[in-house]
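S.K.: Sharing a structure, written as structure tokens. Questions coming.
Please treat every number below as a calculation from the coordinates, not as lab data. As the structure is a prediction and not an experimental result, all values here were calculated from the model. Neighbour counts run over all protein chains shown; Cβ positions are idealised from the backbone, glycine included.
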Amino acid sequence: MTFTPYPSQVDDLNKLRANNYTGCLAIEMGGGKTVDALMATKDSGAAQTLIIAPQSTHKKAWREDAELVMGEEVRIIGNSLKAEKQAMSDLQWGYPGLYIVTPQLFTREDSTSWTPDMLIVDESHMLNNPKAAGQRKLSGYQVKDKPISRRSGMRLALSGTHARNNFERMWATCRFLWPELNGRGEVAYDNYYGWLHERMTSEDIVKGFKWFKVSWDRYEKRQPGQYAKIVEGVPHFGEPDTAKKWLMEAEPGRLFEEMPCVIQHFRRRECCAHHPEGFLKHDEPNVSTRTVEISTQQKRIIRDLENQGLAWLEEHPLSVQLPMTLQQRIRQATLAVPTLIANGEIDEFGNPVTELFFKHDAVSPFADEVDDLLEKWEDETVCIFLSSQRFASALTERLKRKGERVFEYSGAISKREREENLARFGTDFRIMVATLESVGTGTDGIQKVCNNEIWIERSLDETVNTQGEGRTDRLGSRAQTQRVYIEDDTGYAAGRFSKQMTKRLALAESTKVKVR
């Protein structure tokens, strides 16, 4: 197959060439980030190229596109298979070629001997959380850090969501791409907090309370009556710590205007001369919402879980960070009547820790609504998106028992089986039940066989949701996406409880300030 770039990609290459093949590719999902990067790699003449990318993108995206664009093989780096270990060794010794590694392995491994000519970071938002281990290895935070970006002459950062709903993460992206622009006022100013002060708005918030280090309930069980003696006479006990909450870019768009090289393409917004209305020809997804009423039994289970969200010391609420697992359990309990099993553990407030499981025949208003939609889209391919892997498995089994040609795409299924089943989607399979965390990256091709989506729930991470929305609504899509969101009448599946708990904790903190 002969590769012919789009006119916009030719312009992108010219821009990258003029900037030493270093730039920020802020292209929305399905806009050709991978192809742009590989065209630049080939044009640059780089002897050795390292790609840091999620595992799900290695074969379907990078390997296939590299063979098409460059006619070369991408070697996967790992520490399990013999070929992957050999690729690691060859990279360290400087042998030419295309190499690819996951962000997780890159973060764990000693990369001080890695000196690629071209360094490409796909889904770069995964490594731009300031101070995190991966960010320090990639672009550096402290003087003692020896980031790989300083050992690579050409660098590309690829993402459709660079800031990941948090503008301060752009500091790390700039540090990776342009470490030489590290003076005050420049895009990669090496003083992190100085950069924040210059570029973001903020507000002072109550962060916590000095000396409030031990859960009262927990301590009282071990040493009844002793906690009051410990804090007696401590001058700072109960006084709030304050911190700055960074909000947004002070001058919207300023950073991207000052970056030396930014390539942007939007699905449905003007971005360049080639895309006056975006790079997609189809209309925006046709979105509709259906609301279901959860059962009385589900509501009772949710109330029981809610009570674990706050602990009390006499009449005073004890604020705690809401555990992610509790948020997930409450959201999952809206999907179907779960089977609750105590795992034998006790949380810090004395509550038994329960695990939620789902049977294929559990009462589920969500599954009933799915049945209705599948009947409406009879003989059409359908993608069903959700976050709960356990409910994905139960729903898949339920649909199989109904005679549907369905497969599950989640972390519970091996990578090989997921890829094989995905290749058969649209022929042997009519329905894909996919967890958003698994399907969000590296699954290009769904749009060629499907344009019907059912969203049972959204992820707590909005970046994951954004990536999911780009699976059928992308370049190569065969028709306008038909997207249906199913919501419960309580709003819990949409994250209502998390929002309520945030308000409760803020109220509890403000109460403590007043009574100190």
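S.K.: Output the pairs from K82/K146; K60/K448; K15/K42; K146/K245; K376/K448 with a Cα-Cα distance over 23 Å in this structure; if there are none, say none. Walk me through the numbers before you get to the answer.
M.R.: On the way: K82/K146 29 Å; K60/K448 14 Å; K15/K42 15 Å; K146/K245 29 Å; K376/K448 21 Å.
In this structure, K82/K146; K146/K245 lie more than 23 Å apart at Cα.
S.K.: Report the gain in length on full extension from F256 to F357: 0.36 nm times residue separation, minus Cα-Cα distance, nm rounded to one decimal.
M.R.: Difference between extended and current length: 31.8 nm.
S.K.: Check W455: other-chain or 5+ apart residues with amide H under 5 Å from its amide H, H built from backbone geometry?
M.R.: F385, V484, Y485, I486
S.K.: Amide H neighbours of W114 under 5 Å, at least 5 residues apart or on other chains, H built in the peptide plane: list them.
M.R.: none
S.K.: Sort 361-370, 252-261 for me by packing, meaning the mean count of neighbouring Cβ atoms within 10 Å per residue, highest on top.
M.R.: Numbers: 361-370: 18.8, 252-261: 14.3.
Going by the mean number of other Cβ atoms within 10 Å, highest first, we get 361-370, 252-261.
S.K.: Further, regarding this structure: Straight-line reach from K85: which aspartates and glutamates fall under 19 Å, measuring Cα to Cα and dropping same-chain residues less than 8 apart?
M.R.: E73, E109, D110
S.K.: Can you pull the one-decimal nm distance between simple spin-label points at W93 and M70, each 7 Å off the Cα toward Cβ?
M.R.: Placing both labels 7 Å along Cα→Cβ, they lie 2.0 nm apart.
S.K.: Can you put K299, K376 in order of Cβ neighbours within 10 angstrom, beginning with the fewest?
M.R.: K376, K299
S.K.: Under a 5 Å amide H to amide H cut-off, with H placed in plane at 1.01 Å, what residues pair with M248 once short-range neighbours are removed?
M.R.: Result for M248 returns T201.
S.K.: Apply the Karplus parameterisation 6.51 cos²θ - 1.76 cosθ + 1.60, with θ equal to phi minus 60°, to every residue of region 62-73 and state each ³J(HN,Hα) to the nearest whole Hz, in sequence, with x for glycine and proline.
M.R.: 6, 5, 5, 5, 5, 5, 6, 7, 10, x, 10, 9
S.K.: How much length would be gained if the chain were fully extended between E198 and E378, taking 0.36 nm per residue of separation minus their Cα-Cα distance, in nm to one decimal? All intermediate terms of the calculation are to be shown ahead of the outcome.
M.R.: Numbers: separation 180, 0.36 × 180 = 64.80 nm, distance 5.58 nm.
Additional length available on full extension: 59.2 nm.
S.K.: Enumerate the aspartates and glutamates that K402 could reach by cross-link, defined here as Cα to Cα under 20 Å, with residues fewer than 8 away along the same chain left out.
M.R.: D361, D368, E369, D371, D372, E375, E378, D379, E380, D428, E453
S.K.: Would you mind ranking H282, H125 so that the residue whose beta carbon has the fewest other beta carbons within 10 Å leads the list?
M.R.: Numbers: H282 17, H125 22.
Starting with the residue having the fewest Cβ neighbours, the order is H282, H125.
S.K.: If I model a spin label at E180 and A83 as a point 7 Å from the Cα along the Cα→Cβ vector, what separation in nanometres do I get?
M.R.: That separation, rounded to one decimal, is 3.9 nm.
S.K.: Tell me, Kirkwood radius of region 42-149 from alpha-carbon pair distances, in Å? Numbers along the way, then the final one.
M.R.: Details: mean 1/r = 0.0706 Å⁻¹.
Its Kirkwood hydrodynamic radius stands at 14.2 Å.
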